Structure formats: structure tokens, C-alpha cells
Amino acid sequence: MKKFLSFLLGIVFLGVMTGCNSTNSSGSVPDDTQKEPEVNRSVYIYMSHDGDDLNDGTTPEKSIASFERAIELQKNYQESMPEGKDEIIIEVGAGSYYFDKRVKISPTDTKGVPVTVRGSGEGETEFTGGVTYKGGWTAYKDGIYSLKLADDTLSFRQLYVNGNPVQRARLQKTNTESKIVWDKKLKRVGIDEVLNGVTLSADGTLPKELQQAEIVVLKDWAQVNGLIKKAYEDGSNTMFEVNDLIAQNLFNETAYPGMQTYFPVWLENSLLFLDEENEWFYDEIDKTLYYKPLSGTDIEQLVFTVPQTESLIYAQGYKSGRSFVRPSDINFENICFRYTNWNEPSEQGYADMQSCIIMTKQRDNPNLVWDRGAAAVTFHFTNNFRVNNCVFENLGFTGLDIRNGSKNTVVQNSQFLNIAGNGIMAGFFTESSEYYFASPLNAPTSRATITENTVIKNNLVKNIGLSYRAGTGIVGGYASGLEVVNNEVCFTAYSGIALGWGWANTADGSYMSGYKINNNYIHDAMTSELFDGADIYLLGNHDANGELSEIKNNYIVCSGGSNGNGGGLGSIYFDENSSEFLMENNYIVGMGSQSWLFMHDLNSALHDICVKSSYITVNKSFSITKGNGNHTARGVSVENPIVISTNNLPNEVQNIILNAGMEEKNR
């Protein structure tokens, strides 16, 4: 199949009312001493870096040490709140808290009493899945150093030096340095060059240098990482056999786009490929890390963070009879979530459908299924969860995942930075899960499973898709009432914002409705060689329910991307079956490879889309694939755009720019 957070930080200023001293009619000064003092209605649980989980957390001096213990203590309060108290605040002191496993939050942990998990200050409280190393390096060769890691170190796919991501060792300097070569008959894929420094045997047996290596292929809108199992020298080419699961994807000729010779390809994860500064390789067998520092750098002074834990927090409800029971009313404030791992691609390879929805094999199901990978924080069948003024940074796959069945979620005033896959996900993506084994084309089984009333507002989403090039800034699937407003989304390998999933309708509709993509500032999206995407990408049938979904007042600067194709097919892209949208008053600088607006009507199913008051800088007509050509009858209308110069912006455009992106106080 193709394609496809709590409340405002309550800073209550208790201003003291001051004014001129005055007298009453009797000449006396008013007596304010009878005012009742303000009552503190909160129960506090204190958590600190030097705390002890044997404590009860009732005072800073009796602070606890772990978030898992904090959830346990708040649960006790939930069951028996002290008289006069109606809120629980978990005060987390400054410092870094290592999670050696994810902390689960279930419905039995919450009983309707609001909980706020509050860090001591912006950027000072860190929940981390990473282990740090400093010093102890040994010179290896050619400017490369080695470091023996702990024997229980898990494999990892990202590394951070002084808090910055560095490059996993790869053979090619660019993604287009080598050309891809296919052998359909023998089901081999390779590159048009001979590997130096390694001898390949005739039977394909892998030398030690390639036993952990991967071949990476980009396919229009998706990425594939194959685990190399055999390698052959074939004339001037080097050919590889990959693990079976990935071979099913790579050599599927019936699924578009098939096997193309223009696909970008490269090899990575071998000491043999480590030849550039700031590259690294981890030998999982020998538990040894190799790194080539920048010239003039004292490697002993560098801090290396190795991600280990795949998920930090997972809040999940469950089905009870015909209804769902949800954990509820938890707010996260001033927390930094960092350094998560995700190892599935190292175990079974990686292949996504689009926007990092992955192909995988689970349990005893003989068929391949679609899933969504690990996230630092997951809300799954939750209610009234909020994220405010938090940082999601340096993460192994997804930052925040608002999964199916979650309701009334707000994500705002937060930053999503340096993420291997997607920044934020919201909705149902026909993935397999505890409840479903759905095919990619199926809609959710009932409205109860829909993600409802999600607000993603005033966030910075930047540097997304660092390891998986289909990584998208903000991704929405089957959802109702999904608002993506006033965000700045930039430097995404694939689309900036991608909303909508699947093409199926049910007797009760498609379940996608009430989307608002308004007042966002999107720039430098589509920066990888993937080209079938956009700054704003839409897909699938929507239910209007009397109100069209909106794309309004967005400021888009189409970067052009490194692919030379204009950073996507269109700045705004209505893909197959898109419907029930009003696109109005958007300012688009530049354009995609096809136009500023691309409408894919190949199956003649676009309908009820109104585009008007568009301001563009490139004088080119919108692009639409013809379908049956009867667009007007299906309610598809595009008013002529207003072509302007960036040197002479009308007031309407200046207002779009002024009001797009994060609100001024949060920039």
C-alpha cells in the first residue's frame, strides 16, 4: 500500500493588589486581616537524583529516586487522597535519571485525581535511556580509537558525542555515490563497485568485516535496511543476499515502485567503512566501540552517550467487555526525554511503508504485518494526557506516539530534536497490536479505537529522520479532531507534516475527520533523496460531518532538498483518495518538483477539495494527475493563486508570516 500534547503551563502570577490607601465613610482604614489564606490543595511527592526509594517522598529530605516509585506512591494517594487535597504533583529535582526499563502506567494507577510530573526547570531534569562513557580510549589505527564497553551492553544504532549525534560508519560519502545493481533471478542486490580491503569467497560466506553490515536502499517514499547474509564479487559489482524478511520487500515486483535502478543505495555498519572523522562502529561481538574524532580533538575529554533503553514511559489502557478502560489525567512538564534505543532493525532488518510505519514479523503470525516501532513516550488508550514545555531529543526511533484509542491529548510548547525516525505520531495506522492484525488497506474496526481530540501546538520539530529517511515531523493516521497548529517543523528527511492514512471506508465512515493544519511554519522538509512527499502531505478519505478539514494560514518555504527534485512533488500534496479539505490563505515560497500544489488523482477518487487564496512565488499552475478528468463534478476546485514577489509582500502575506510557527514568547 502506498502512503499512508498539557495544558498551558499554569504560571499563576499571584499579584498583590496594591492601591492608594483610602478610608471608609467612618474614616477608618479598611481591615484586610479577615481574608482567608489560600489553601494548598496539592499533595507533593519529591524525587531527586540522590533520593532513596525506601523513602516516602513526602518532603525534599525524604525524596525518592525513581519514577517507577513515584507512580507507585501516587497510586496510593489516588486510592485515598488526604482531606482537602485534589491534585498530586511529582516534583522531580534537577539531574539525569536513568531508566533501565520502560515505566508502565495503567488504568489501575489513576483514579481521576490529576497528576503533574514536573521537572525542576527547563532543560535541567532528564529522563534518559543512555549510558555515558568518558576516557579510557586506546589508539587503534589511522586516527581511529577503540573503547571496550561493558559486557552487558546491548547493540545500538545511534551514538552521541557531547550530546550531538554522529555518523554510523558507512562506505559511501553520499547516498548517490554508488549505483544500485539488481539480480532478480538470484534475488541479490548490490553496488556497482568492488569492496576494497576484504576478500569475498565464491560461496558468499561473509568475512568478519561484513558480518554486521547492512545495505540501505531508498525507494521513492520508503527506506529499507537489509542485513547482509552473503556477499559475492560479480565483475565490477559487489552483490549481496539479505535476510529473508527484507528480501520479501526488496524483491516484490508487484508492489510499486518495484526494483528501480535510480534508487539511492549505500552500505553501513562495518569497521571496514570507518574512514571519515566523526564516524563510529560498534562491534557487538567484541563489545568494542570504534570512533574517529575530529582532528585536534582530545578524545579523552569527550562524553559518549550510548542509548540502551528503547522506551521510557508507556501509558496504556485495556479492553474490558465492549469498552476501554484508560489511564487518565497525567501532565508532564519541564522534562527532557533523551537517548532511547531501538534494536529491531539490527535483529530483523528494516523496511517501512511510509512515514516509518514498518514491516515486521510478530508472534506466531506467519504473515508479515505492519507496526510502528518504539517511542520514547507512548500514550495508548489514554485520556487527558498532556505534555508541556518538554524536550524530546536524541531518540532512537519516535519521540512521542499518541496511539489508537487515546483521547483529549495536548502536546505544546515542546521541542522534538535529533530523532532517528518520526517526531510525533498520532492516530491509528492499521498496525498490528494487542487488538489487531489488520492489512494496510483496512480501516479501524470501530470508532472506539480512534484517537480523538489531539492538539499539537506551539512546538519546534527539527532534525527528524536522521537514521530512517522516511522520518516525518508530525504524522497523523486515522484520527478525529486532530489539530496541528502554530508549530515550526524543519529539517525533516521526509515530509514535514503528513496526515491521513489508508483508503478504506466503513459503514460508519472513514473515521478521519476534523483535521486542522493551521498557522504552521514549515521549511527545509524533504531533505533526503526520497521525493514522493511534501511539506504538507495528505492522504485518504475524510468524513466532513458538516465541516471540512482545514489547511490554513501556513507559511511554507520549500527547500529544494538534496535530491534536486524540489524537496517533494509539491509543497502541498493531496495524495490518493484525499477529500473534504479547505485549503486557504497559505503562503508558499518556492515549489516542489511538480508544482506548489500536487494532486494525485490516479484512481479518480479525489473529491470535495477547495483551494483558494493561495500566495505563491513561482508562477506555475498546480499539477494534477488526470484520473477520469471529471474533477469539478467531484467537488475539486482550485482558484488561481496570487503570484507575488518576496521583495514586495502584501499585508495579507505579512500577517501569515507573523502568525505562523511558534508563538513569539516560545521562539
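Which of the following residues is closer than 11 Å to LEU289 by Cβ and out of contact with any His (no Cβ under 7 Å at 6 or more places or on another chain): LEU171, LEU149? Please lay out each step first, then the result.
Numbers: LEU171 fails: closer than 11 Å to LEU289 by Cβ.
Answer to the check: LEU149.
Each row is one residue, and each column tells you yes or no for (1) part of a strand (DSSP E or B); (2) surrounded by fewer than 24 Cβ atoms within 10 Å (Cβ to Cβ); (3) touching a Gly at 6+ places or on another chain (Cβ under 7 Å); (4) modelled with pLDDT under 85.
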position: GLY502; (1), (2), (3), (4): no, no, yes, yes
position: GLU529; (1), (2), (3), (4): no, yes, no, no
position: TYR537; (1), (2), (3), (4): yes, no, no, no
position: GLY546; (1), (2), (3), (4): no, yes, no, yes
position: ILE556; (1), (2), (3), (4): yes, no, no, no
position: GLU580; (1), (2), (3), (4): yes, yes, no, no
position: MET583; (1), (2), (3), (4): yes, no, no, no
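Exactly one condition in (1) part of a strand (DSSP E or B); (2) surrounded by fewer than 20 Cβ atoms within 10 Å (Cβ to Cβ); (3) at pLDDT 95 or above is not met by VAL611; state its number. So the condition that VAL611 fails would be (2).
No other residue among ASN453, ASN463 is part of a strand (DSSP E or B), closer than 30 Å to TYR318 by Cα and modelled with pLDDT of 95 or more apart from ASN453. Filtered by the rule that a residue be of a type in the set (D, E, K, R) and surrounded by fewer than 17 Cβ atoms within 10 Å (Cβ to Cβ), the range 184-200 gives LYS184, LYS185, LYS187, ASP192, GLU193.
Please work out if GLU209 is acidic (Asp, Glu), within 31 Å of the chain's Cα centre (by Cα) and surrounded by fewer than 18 Cβ atoms within 10 Å (Cβ to Cβ).
Working: acidic (Asp, Glu): yes; within 31 Å of the chain's Cα centre (by Cα): no; surrounded by fewer than 18 Cβ atoms within 10 Å (Cβ to Cβ): yes.
When the stated conditions are applied, GLU209 does not pass them.
Answer yes if at least one residue in the range 629-636 is assigned to a strand (DSSP E or B), within 26 Å of GLU547 (Cα to Cα) and touching a strand residue (DSSP E or B) at 6+ places or on another chain (Cβ under 9 Å), and no otherwise. Before you say what the answer is, go through the steps one by one.
Of the range 629-636, the ones assigned to a strand (DSSP E or B) are 636.
Filter once more, so that each one left must be within 26 Å of GLU547 (Cα to Cα): 636.
Checking which are touching a strand residue (DSSP E or B) at 6+ places or on another chain (Cβ under 9 Å) leaves us with 636.
Checked the range 629-636: at least one residue is assigned to a strand (DSSP E or B), within 26 Å of GLU547 (Cα to Cα) and touching a strand residue (DSSP E or B) at 6+ places or on another chain (Cβ under 9 Å).
Scanning the range 56-76 for residues that are out of contact with any Asp or Glu (no Cβ under 7 Å at 6 or more places or on another chain) and open to solvent by 50 Å² or more (accessible area, probe 1.4 Å) yields ASP56, THR58, PRO60, GLU61, GLU68, GLU72, ASN76. Strands (runs of 3 or more DSSP E) fully within the range 350-409 that include at least 1 residues being at pLDDT 95 or above and open to solvent by 10 Å² or more (accessible area, probe 1.4 Å): 383-388, 391-395. Across the range 414-434, the qualifying residues are those that are in contact with a strand residue (DSSP E or B) (Cβ under 7 Å, 6 or more places away or on another chain) and at pLDDT below 95, and the one among them that is surrounded by the fewest Cβ atoms within 10 Å (Cβ to Cβ) is SER432. Elements of the type strands (runs of 3 or more DSSP E) sitting completely within the range 158-207 and holding at least 3 residues that are more than 20 Å from ALA420 (Cα to Cα): these cover 180-183, 188-191.
Cβ-Cβ distances below 7 Å connect the following pairs, each with a first residue in the range 124-153 that is over 15 Å from THR309 (Cα atoms), a second residue that is open to solvent by 90 Å² or more (accessible area, probe 1.4 Å), and a separation of six or more residues or different chains: SER146/TYR140. Of all the listed residues (LEU267, LEU245), the sole one being under 27 Å from the mean Cα position of the chain (by Cα), modelled with pLDDT of 95 or more, buried (at least 16 other Cβ atoms within 10 Å of the Cβ) and within 17 Å of PRO345 (Cβ to Cβ) is LEU267. MET259 fulfils the conditions (1) more than 27 Å from the chain's Cα centre (by Cα); (2) modelled with pLDDT of 95 or more; (3) open to solvent by less than 50 Å² (accessible area, probe 1.4 Å) except for a single criterion, (2). For the range 313-325, the criterion of being crowded, with 22+ Cβ neighbours inside 10 Å and of a type in the set (A, V, I, L, M) is met by at least one residue.
The values are calculated or read from the model by the stated rules, or taken from the named source; none is laboratory data. Please read these numbers as outputs of a predicted model, since none were measured by experiment. Quick reminder, even Gly has a Cβ in these numbers, built from the backbone with ideal geometry, and neighbours come from all protein chains shown. Surface areas here come from the heavy atoms of the whole protein model, side chains and all, with no ligands, DNA or RNA. Shrake-Rupley method; radii C 1.70, N 1.55, O 1.52, S 1.80 Å.
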